[in-house]
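Report on one structure; see the data block that follows.
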Amino acid sequence: MLIHSIKELREKVKTWKAEGLSVGLVPTMGALHAGHKSLIDRSVKRCDRTVVSVFVNPIQFCPGEDLDKYPRTLEADEKLCEGSGVDIVFAPSPKEMYGEGHILSNDFLTYVIPPYFYVDKLCGKSRVGHFDGVCTVVNKLFNIVQPDYAFFGEKDRQQLIIIKKMVNDLNIPIEIVPCPIVREDSGLALSSRNKYLSDEDRVNALALSKILFNIKACYKKGVNDCKALFETAYEYLNESHSLEYLEFRDADNLEEKTTADDNTVVFIALKIGNVRLIDNIMLGEEC
Ligand code: AMP
């Protein structure tokens, strides 16, 4: 069932709650692919009812980013959800979420701002204000849907860590369920932004996962000096790549590591032409 209105969604969820049913929420920006579907499948399996939100959230895009050209494929998204056992696809308009005129400046909207330590690094460094927009919209979705569980992908691991922190700090009574990264056979992590890649770009995009897999293989062989691990990346980079960051950080609190251990995550962001791609790998997990 497709719902655009907050009021209608609330009424529906209220009837579920009255029946004592558990509710799972999968927040997305749409253009759904197998990565999103893995989150949806987990929610459908674990919860009595599942809501998938599809909302391209304007306040998490920085000036000059791809807000206008971000892929919007609601009809196909609805079909995927229907075939996966989703109960409600919630697709509000920006006006429904942010009000008449939807004035998005933080002079006119109450924001949820995550701690500076978590956002002054990795994606937060180049995407200033991005995580304020994410935390604000996720909070709104939590308040609208009031789920018992919410499912987030490790593909956006900095986001996942920040959401967990927010839920903990603000005592939000929702369990955050992390879900592993879904990749193509080539190793490329699925992303709605992969749609922007030309055939040639797609080949160059393999550098992200190759760099991460190789670093993990080196770590498993006993190399734990992060500088030495960093340098192995150069083998996979060419003139088509612009490396934004390749960093070694703690999986719980994002502190920088100089010596890698099993709780270290390697984060990478790479630009290929105008397309910016991110990926990460946890060194301690089995491949
Ligand atoms: P998005 O629509 O890009 O905002 O993503 C919605 C949710 O799907 C986020 O929690 C993402 O981390 C998750 N997600 C996106 N791509 C993948 C993937 N390849 N594997 C696992 N989760 C993903």
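Cα centroid distance between the stretch 236-252 and the stretch 128-190, in Å?
22 Å
Please state the Cα pair-distance histogram of the stretch 107-198 with 5 angstrom bins from zero: what percent is in each bin?
Whole-percent P(r) values from 0 Å outward: 3, 12, 21, 22, 20, 13, 7, 3, 0, 0.
Given only helices, namely DSSP H runs of n ≥ 4 each adding -39500 (n - 2.57), what is the per-residue ellipticity at 222 nm of the chain, to the nearest 500 deg cm²/dmol? Can you show the working numbers first?
Numbers: 10 runs with 106 residues, N = 287.
The helix-only estimate for the chain comes to -11000 deg cm²/dmol at 222 nm.
Determine Rg/Rh for the chain; Rg is computed over alpha-carbon atoms and Rh is the Kirkwood hydrodynamic estimate from the same atoms.
On the way: Rg = 19.2 Å, Rh = 19.9 Å.
Result for the chain is an Rg/Rh of 0.97.
Using amide H atoms built 1.01 Å from N in the peptide plane, name the residues 5+ places from V177, or on other chains, whose amide H lies under 5 Å from its own.
Hits under the 5 Å cutoff: A150, F151, F152.
Mind listing the phi-derived Karplus ³J(HN,Hα) values for the stretch 37-50, rounded to whole Hz, using 6.51, -1.76 and 1.60 with θ = phi - 60°, and x for any glycine or proline?
Computed from phi, the couplings for the stretch 37-50 are 4, 5, 5, 4, 4, 5, 5, 4, 5, 8, 10, 5, 9, 10 Hz.
Taking only the alpha-carbon positions of the stretch 41-96 and ignoring solvent, what does the Debye formula give for the base-10 log of I(q)/I(0) at q = 0.28 Å⁻¹?
Summing over Cα pairs of the stretch 41-96 leads to -1.11.
Treat the stretch 130-287 as a sphere of radius equal to its Kirkwood radius over Cα pairs and apply Stokes-Einstein at 4 °C in a medium of 1.567 mPa s; give the translational diffusion coefficient in µm²/s, rounded to a whole number.
The diffusion coefficient I find is 77 µm²/s.
Expressed in nm to one decimal, what extension gain is obtained for the pair E65 and E256 from 0.36 nm per residue of sequence separation less their Cα-Cα distance?
So the chain would gain 66.0 nm between E65 and E256.
Anything over 27 Å Cα to Cα? Flag those among K140/K210; K164/K221; K165/K257; K79/K125; K37/K69; K37/K221, in the order listed. Kindly include the intermediate steps, with their values, before the conclusion.
On the way: K140/K210 37 Å; K164/K221 32 Å; K165/K257 20 Å; K79/K125 36 Å; K37/K69 22 Å; K37/K221 34 Å.
Over 27 Å apart, Cα to Cα: K140/K210; K164/K221; K79/K125; K37/K221.
Tell me the per residue accessible area of the chain using a 1.4 Å probe; a whole number in Å² is fine.
On the way: 13850 Å² over 287 residues.
Roughly 48 Å² per residue, with all protein chains present.
Can you pull the accessible area of V44 for me, 1.4 Å probe, Å² to the nearest 10?
50 Å²
How would F55, F213 line up by accessible area, probe 1.4 Å, largest first? Present the calculation step by step, with values, prior to reporting the outcome.
On the way: F55 10, F213 90 Å².
Reading off the accessible areas and sorting them downward yields F213, F55.
Which aspartates and glutamates have a Cα less than 16 Å from the Cα of K95, not counting those fewer than 8 places away in the same chain?
Cross-link targets: E8, D68.
Using a 1.4 Å probe, how large is the accessible area of D48, given in Å² and rounded to the nearest 10?
Number for this one is 80 Å².
For the chain, with only Lys/Arg (+1) and Asp/Glu (-1) charged at the beta-carbon, what is the dipole magnitude about the Cα centre, in debye rounded to 20? It would help to have the intermediate numbers written out before the result.
Details: 35 positive and 43 negative charges, 71 e Å.
So the dipole magnitude of the chain works out to roughly 340 debye.
What do you get for Rg/Rh over the stretch 192-281 if you use C-alpha atoms and the Kirkwood form of Rh?
On the way: Rg = 13.3 Å, Rh = 13.5 Å.
In the stretch 192-281, Rg relative to Rh is 0.99.
Taking the chain as a Gaussian network, Cα atoms linked when under 10 Å apart, which of A18, A76, A251 shows the biggest mean-square fluctuation?
Evaluated over the chain, the most mobile residue of the options is A18.
The values are calculated or read from the model by the stated rules, or taken from the named source; none is laboratory data. Here the structure is a predicted model, which means the values were calculated and not measured. Glycine also receives a Cβ, built like all others from the backbone with ideal geometry; neighbour counts cover every protein chain displayed. Surface areas here come from the heavy atoms of the whole protein model, side chains and all, with no ligands, DNA or RNA. Shrake-Rupley method; radii C 1.70, N 1.55, O 1.52, S 1.80 Å.
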